[in-house]
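Structure first, then comments.
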Amino acid sequence: MKESPQLKRGDEVELEITGSAFEGKSIARLHGLVVFVEGAVPGDLVTAQIFRTKKNLVEAKIVRLQRPSPLRTEARCFHFGTCGGCKWQHVDYQGQLQFKQQHVIDAFERIGGFSNLPIQPILGADEIFFYRNKMEFSFSDQEWLELPPVDAIKPAGLNGNIYLGLHVPQRYDKILDLKECHLQSQESNKILSFTRSFARETKIPVYSTDSDSGYLRFLVIRQSKRTKQIMVNLVTRTDDASFMNSYAEKLKREVPQITTIVNTINTKRAQIAFGEQERIYYGEGVIREQLGNRTFVISAGSFFQTNTAQAERLFETAKDFGELKQSDVVYDLYSGTGSIALFISSNVRQVVGVESAEIALKDAERNVVANSVTNCDFILGDLKDRLTRDIDWMKRYPNPDVVILDPPRSGVHTKVIERIVEIGPPRIVYVSCNPATQARDVKLLCTDKYRIAKLQPVDMFPHTYHIENVALLLPK
Ligand SMILES: C[S@@+](CC[C@H](N)C(=O)[O-])C[C@H]1O[C@@H](n2cnc3c(N)ncnc32)[C@H](O)[C@@H]1O
């Protein structure tokens, strides 16, 4: 590791925090270097200790807060600072929105090379706590202790306990045993605490990847914000009907608002909250959520937008940007479970979705039937192939009037971009959860045929640095 000439590990320095960079890290400048300061807020004056130096990158942690930023606020959660969930709870919400807006601008200016951006003020959330409709908690036999010494870990099996909560940042084996969480709901907190106590009473072992043995893996809670239905999904390594029956019976009595209880069995080593089998112990095994005037049936393995209210705002923005007409044919590329397709279907003639994950596509088809919609078709396949080689499906539909893109964080493949430009739709609406890859892709889309007409950031995840952005591209 090459150390910078001016600063070395262990140095204490005074820093004026001037900005917020990608991934929510606060920055200061010293001797021409950028210093990233954990937990700082732009506007703070701090004494910080350098703990890492590498080329032009220096990282420091706060030793003393000399003058707090006016954007600082009291974090509501008892676990703030340790938990990986809400990194920005100590920043006033208007301040968070200001930083997120600036992140979008920075990405489009620095990565996209654009200037004079037609960007609209960010759409903030009305509910900044308890906004999530899904939470995933992990079981572990190793606890992350919050009390000093900060990096102390209680060794496995010391008190025969079971820990249930969220991971601390960058420590995927260690769990913060959550006493409260302000992201989902009070019912969710009750389910979390009951499940932990029940598991401790029964002394059923936690799954360990090292030994590939044990039982408990994840607790996933989904709660519809519109229908209020609640699903509890316990993810385990094996099938233990006697444990599950007794758990479901007692849990139902403890939290009567629960509408369904499911057990997902994942026998594989991969630590994911999905599995090969799903067993229903109570209710229908699904919950229903509404987006706009559409109802979505969500099973334990389905993807669904986690902030219902802001997903509606995001899709409303995409709909407005598309200037949709009853005669329009729309390609919904990266269509997932069809939420955008369904959301806009009554405003257009035809929507054609393209999606590579079969499970998501099946959910999309099921949602279309559940909503009695007849003008949405879905094509399975990798978009790169479906737009370049296997293109027979395109002959069945007129050329699109609007192309909507909602890719994963990695963005759109260059070949897909080239084909869209060749097809030349009159309107392109690009929905993104990663402004950096969006700016890169929009630069390519805009080379000679298109221009950015509008940008609209939308905040889906208050207290985190994540930001969604919708771009409208029109022909030059
Ligand atoms: C951000 S999600 C879109 C979600 C969708 N709008 C919804 O609400 O369900 C991105 C989707 O792109 C799909 N995907 C990723 N790479 C793909 C590819 N190369 N071709 C087609 N679909 C892809 C993923 O499976 C995922 O469903």
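The values are calculated or read from the model by the stated rules, or taken from the named source; none is laboratory data. Everything numeric in this text was worked out from a predicted model, so none of it was measured. Note that we place each Cβ from the backbone using ideal geometry, even for glycine, and neighbour counts take in every protein chain shown.
On the basis of being buried (at least 16 other Cβ atoms within 10 Å of the Cβ), polar (S, T, N, Q) and under 26 Å from VAL416 (Cβ atoms), does THR308 make the cut?
Considered against the rule, which asks whether it is buried (at least 16 other Cβ atoms within 10 Å of the Cβ), polar (S, T, N, Q) and under 26 Å from VAL416 (Cβ atoms), THR308 comes out as no.
Output the residues belonging to the range 362-388 that are more than 13 Å from the ligand (Cβ to nearest atom) and part of a loop (DSSP other than H, G, I, E, B).
Selection gives ASN371, SER372, VAL373, THR374, ASN375.
Being closer than 30 Å to SER346 by Cα and either not in a strand (DSSP E or B) or not assigned by TED's automatic domain parsing to the domain that holds PHE343 (or both) narrows it down to one of GLU284, GLU278, so name that one.
None of the others qualify; the one that does is GLU284.
Restricting the search to the range 169-204, which residues are surrounded by fewer than 17 Cβ atoms within 10 Å (Cβ to Cβ), farther than 30 Å from GLU284 by Cβ and not charged (D, E, K, R)?
Hits for the range 169-204 are PRO169, GLN170, TYR172.
Counting just the residues of the range 391-415 that are more than 22 Å from LYS454 (Cα to Cα) and touching a strand residue (DSSP E or B) at 6+ places or on another chain (Cβ under 9 Å), which one comes out farthest from the ligand (Cβ to nearest atom)?
Residue satisfying both the conditions and the ranking: PRO398.
Which one of GLN277, GLN305, GLN326 is within 14 Å of the ligand (Cβ to nearest atom) and of a type in the set (S, T, N, Q)?
GLN305
Among the residues of the range 205-225 satisfying the criterion of being surrounded by fewer than 22 Cβ atoms within 10 Å (Cβ to Cβ) and among the aromatic types (Phe, Trp, Tyr), which is farthest from ARG253 (Cα to Cα)?
Filtering the range 205-225 for residues that are surrounded by fewer than 22 Cβ atoms within 10 Å (Cβ to Cβ) and among the aromatic types (Phe, Trp, Tyr), the one farthest from ARG253 (Cα to Cα) comes out as TYR215.
Does SER69 qualify as being small (Gly, Ala, Ser), surrounded by 15 or more Cβ atoms within 10 Å (Cβ to Cβ) and in contact with a Gly (Cβ under 7 Å, 6 or more places away or on another chain)?
So SER69 fits the description; yes.
Going by what's in this entry, would ILE62 be described as within 19 Å of the chain's Cα centre (by Cα), β-branched (Val, Ile, Thr) and not in a helix (DSSP H, G or I)?
It is false that ILE62 is within 19 Å of the chain's Cα centre (by Cα), β-branched (Val, Ile, Thr) and not in a helix (DSSP H, G or I).
Here's the yes/no breakdown for (1) modelled with pLDDT of 90 or more; (2) within 15 Å of TRP88 (Cα to Cα):
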| residue | (1), (2) |
| --- | --- |
| LEU7 | no, no |
| GLU16 | yes, no |
| ASP44 | yes, yes |
| ALA48 | yes, no |
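Cβ-Cβ distance below 8 Å, separation of 6 or more or different chains: which pairs start in the range 331-359 with a residue that is outside the structural domain of VAL416 (by TED's automatic domain parsing) and end on one that is more than 6 Å from the ligand (Cβ to nearest atom) and not acidic (Asp, Glu)?
From the range 331-359, no pairs qualify.
Among residues belonging to the range 50-66 that are out of contact with any Lys or Arg (no Cβ under 8 Å at 6 or more places or on another chain), at pLDDT 90 or above and more than 21 Å from TYR465 (Cα to Cα), point out the one that is surrounded by the most Cβ atoms within 10 Å (Cβ to Cβ).
Residue satisfying both the conditions and the ranking: LEU65.
Within the range 315-330, work out how many residues are part of a helix (DSSP H, G or I), in contact with a Leu (Cβ under 8 Å, 6 or more places away or on another chain) and of a type outside the set (Ser, Thr, Tyr).
Summing the residues that are part of a helix (DSSP H, G or I), in contact with a Leu (Cβ under 8 Å, 6 or more places away or on another chain) and of a type outside the set (Ser, Thr, Tyr) in the range 315-330 gives 2.
Here's a check for you: in the range 428-469, which residue that is part of a loop (DSSP other than H, G, I, E, B) and of a type in the set (Asp, Glu) is surrounded by the most Cβ atoms within 10 Å (Cβ to Cβ)?
Among those that are part of a loop (DSSP other than H, G, I, E, B) and of a type in the set (Asp, Glu), it is ASP459.
Given the criteria assigned by TED's automatic domain parsing to the domain that holds VAL402, within 8 Å of the ligand (Cβ to nearest atom), buried (at least 20 other Cβ atoms within 10 Å of the Cβ) and not aromatic (Phe, Trp, Tyr), does ALA318 qualify?
Answer is no for this residue.
Residues are listed down the side, and each one gets a yes or a no for (1) at pLDDT below 85; (2) under 20 Å from the mean Cα position of the chain (by Cα); (3) assigned by TED's automatic domain parsing to the domain that holds GLU249:
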site: PRO155; (1), (2), (3): yes, no, yes
site: ASN161; (1), (2), (3): yes, no, yes
site: HIS182; (1), (2), (3): no, yes, yes
site: GLN186; (1), (2), (3): no, no, yes
site: SER193; (1), (2), (3): no, no, yes
site: PRO205; (1), (2), (3): no, no, yes
site: SER211; (1), (2), (3): no, no, yes
site: TYR215; (1), (2), (3): no, no, yes
